[in-house]
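Input: a single structure, listed below in structure tokens.
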Amino acid sequence: MTPMVEAREVCKSFGPTRVLRGVDLVVQPAEVNCVIGPSGSGKSTLLRCINHLETIDTGRLWVDGELMGYRESGEKLYKLHDAELGRQRRDIGMVFQRFNLFPHRTALENVMEAPVVVRGEKKTTAREQAAELLERVGLSDRAHIYPNQLSGGQQQRVAIARALAMKPRLMLFDEPTSALDPELVGEVLDVMRGLAQDGMTMVVVTHEMGFAREVGDSLVFMDDGRIVESGTPFEVLTNPREARTQIFLSKVL
Amino acid sequence: MTEPTIGQRTSRTEPRDAVPVRHPGRWVAIAVLAVLAAMLVNTVLTNENFRWDVVGEYLLSEPVLNGLKNTLLLTVLSMVIGIAGGIGLAVMRLSPNPVLSSVAALYIWVFRGTPLIAQLLFWNFLSALYPFVSLGVPFGPEFVVFDTNQLINQFAACLLGLGLNEAAYMSEIVRGGIQSVDHGQTEAAGALGMTRTQTLRRVVLPQAMRVIIPPTGNETISMLKTTSLVVVIGYFELLTSVQRIYSTNFQTIPLLIVAAAWYLALTSILSVGQVFVERRFGRGVASGPPGPSLFQMPSFLAQRSSEGTR
């Protein structure tokens with residue numbers, strides 16, 4: 001079976017700072033993979049490399065068997081054209097820490113935007129589908145509200161619906177609950193739990209250890225640009241082998 | 001209406017039995033302004049040198065209306081060229097391609113750095129530099145040859161001068177707008193599979209408009225009056241028309257009042273238009289009116305445009 005995500009020896013530097021120092025990661029279809037680690041450990045960068053929001057310096061990264069952002073021919077890599085990269089990305093949904101909803105469009109229009117613009121769907125079809133998705137995240141009654149009048153939790157649920165509208169094969173979550181008030185975290189995690197139960201492949205960068213333990217199929221702990229430890233959430237969280245994992249977990253649990 | 005400059009918004013939230021803070025200074029200021037206003041109205045009405053009869057006579061006269069027509073035509077067309085060119089230049093300026101970016105920078109440098117009058121004269125006297133303009137293969141055969149003086153008449157020279165100059169200024173306004181949009185918006189659009197062009201058109205520009213519109217309103221109102229510079233190449237518009245009239249009948253002040261009245265009327269229309277455009281592009285952004293003012297929009301207009309934002 002082709003892994004949904006496969007990273008081999010991925011390295012990435014921002015100027016002199018080495019953010020990723022040779023990361024290997026494999027995520028199988030329908031697997032929920034949680035990435036934890038201290039801030040600055042490179043977990044968000046790794047996630048952003050998966051859909052090529054960041055380019056990688058060395059190594060290879062495949063999504064569903066396709067090399068992301070490049071075409072390999074012989075020994076050489078050719079950068080993909082803007083439109084080809086767009087075609088790869090439309091199958092990968094992404095949810096950001098700061099939601100990044102389009103503020104000039106209502107909740108419904110946010111969800112409709114990509115199917116209409118990117119896939120060229122008819123507006124009527126897209127509107128029906130968007131309404132269904134908003135219902136799925138429990139926001140039917142907020143369809144015609146602009147993002148600035150929604151709570152953080154509601155905005156993030158709209159953002160999840162917007163990503164789902166492209167019918168992605170893979171969902172990336174970049175600390176989806178970190179910008180939320182504590183009492184709003186639950187509603188977002190509920191939606192994500194539902195997605196996992198429906199068999200969506202997910203890579204989740206998170207600080208929610210409870211969610212990782214309950215929903216995650218696998219968990220990796222990153223520190224200083226490397227994956228230090230990986231395994232099932234139960235193994236890593238209750239019985240960490242590496243000293244750095246133990247120190248980190250003793251601070252956050 | 002004891003204190004007309006205080007908006008109703010604040011008074012509504014205060015408990016009814018609170019004694020408002022006294023502002024004796026404001027009352028003195030209002031009294032002084034009232035006296036000055038009365039003096040102004042009195043002199044404008046009683047000083048016969050204003051010659052309001054002459055103003056009335058020329059306000060709708062044919063030469064004035066012809067000039068007005070040219071002013072409007074030049075303003076609208078120059079701004080269309082300026083805005084379209086400005087968007088193009090701003091996109092070039094922000095392009096990752098160093099050649100495109102440098103060419104845009106060079107254009108902006110030249111057109112902002114030289115006087116508009118010189119540019120108008122340059123386009124008018126282009127034939128001195130190039131008597132003929134031809135279409136053909138560069139360094140190769142020519143297919144069609146035009147006489148420059150016929151190709152670029154006075155009107156075209158005006159449009160080139162005003163429009164190309166405006167494009168340089170507009171491009172900086174548009175660039176500022178584009179750069180004001182949060183980078184997360186571009187990332188979100190990219191993650192959904194949009195191309196750079198789709199992102200610019202559907203996500204970035206609509207949000208940049210909010211920042212672009214106020215200075216563009218400035219530019220349009222300024223252009224309205226800048227068009228009077230076309231007199232240097234012998235073309236005419238509103239101000240030139242009234243100058244021609246008062247140079248023969250010596251009623252300088254009344255005719256300048258005629259021109260000023262028209263400019264004020266057009267500026268008012270543009271300002272109201274700007275309010276509507278701003279509301280259209282302000283959707284989803286919480287911002288009230290700029291501040292309390294005596295000059296409020298008629299309530300039925302305000303009503304309709306705020307419904308449009310829902």
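The values are calculated or read from the model by the stated rules, or taken from the named source; none is laboratory data. The shown structure was predicted, so the numbers you read here are calculated from the model rather than taken from an experiment. Methodologically, a virtual Cβ is constructed for each residue, glycine included, from the backbone with ideal geometry; neighbour enumeration extends over all protein chains shown. All accessible areas refer to the heavy atoms of the entire protein, side chains included, with ligands and DNA or RNA removed. Shrake-Rupley method; radii C 1.70, N 1.55, O 1.52, S 1.80 Å.
The table below gives the values:
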item: Evaluation of residue B:197 against (1) more than 30 Å from residue A:167 (Cα to Cα); (2) open to solvent by 30 Å² or more (accessible area, probe 1.4 Å); (3) out of contact with any Ser or Thr (no Cβ under 9 Å at 6 or more places or on another chain); (4) among the hydroxyl-bearing types (Ser, Thr, Tyr) (one fails), failing number; result: (1)
item: Within the range A:164-184, considering residues that are in a helix (DSSP H, G or I) and aliphatic (A, V, I, L, M), the one modelled with the lowest pLDDT; result: A:184
item: In the range B:232-252, residue least open to solvent (accessible area, probe 1.4 Å) [restricted to those that are touching a helix residue (DSSP H, G or I) at 6+ places or on another chain (Cβ under 7 Å) and more than 15 Å from residue B:63 (Cβ to Cβ)]; result: B:233
item: Breaking point among (1) open to solvent by 20 Å² or more (accessible area, probe 1.4 Å); (2) in contact (Cβ under 8 Å) with a residue 12 or more places away in the chain; (3) of a type in the set (A, V, I, L, M, F, W, C), for residue A:247; result: (2)
item: Matching entry among B:224, B:229, B:192, B:160 (being within 14 Å of another protein chain (Cβ to nearest Cβ) and either at positive phi or out of contact with any Cys (no Cβ under 7 Å at 6 or more places or on another chain) (or both)); result: B:192
item: Single unsatisfied condition, residue A:50 versus (1) more than 12 Å from chain B (Cβ to nearest Cβ); (2) among the hydrophobic types (A, V, I, L, M, F, W, C); (3) over 19 Å from residue B:203 (Cβ atoms); result: (1)
item: Unique residue being in contact (Cβ under 8 Å) with a residue 24 or more places away in the chain and more than 19 Å from the chain's Cα centre (by Cα) when the list is B:160, B:164, B:200, B:238; result: B:200
item: Looking only at the range B:195-212, and only at residues there that are among the β-branched types (Val, Ile, Thr) and closer than 17 Å to residue A:106 by Cα, the one that is nearest to the other protein chains (Cβ to nearest Cβ); result: B:203
item: Pair list, Cβ < 7 Å and 6+ apart or interchain, from the range A:140-164 residues that are away from chain B (no Cβ under 14 Å) and more than 21 Å from residue A:196 (Cα to Cα) to residues that are open to solvent by 10 Å² or more (accessible area, probe 1.4 Å) and modelled with pLDDT under 95; result: A:151/A:184; A:152/A:179; A:152/A:180; A:152/A:181; A:152/A:184
item: Only one of B:202, B:210 that is among the charged types (D, E, K, R) and either surrounded by fewer than 19 Cβ atoms within 10 Å (Cβ to Cβ) or touching a Phe, Trp or Tyr at 6+ places or on another chain (Cβ under 7 Å) (or both); result: B:210
item: Exclusive hit being within 18 Å of the chain's Cα centre (by Cα) and touching a residue at least 12 places away in the same chain (Cβ under 8 Å), set A:55, A:106; result: A:55
item: Count of residues meeting criterion [within 18 Å of residue A:26 (Cβ to Cβ) and outside any loop (DSSP other than H, G, I, E, B)] in the range A:197-228; result: 14
item: Only listed residue being at pLDDT below 95 and open to solvent by less than 70 Å² (accessible area, probe 1.4 Å), chosen from B:101, B:78, B:95; result: B:95
item: Unmet requirement for residue A:83, which otherwise passes all of (1) in contact with a helix residue (DSSP H, G or I) (Cβ under 8 Å, 6 or more places away or on another chain); (2) open to solvent by 30 Å² or more (accessible area, probe 1.4 Å); (3) within 11 Å of another protein chain (Cβ to nearest Cβ); (4) not charged (D, E, K, R); result: (1)
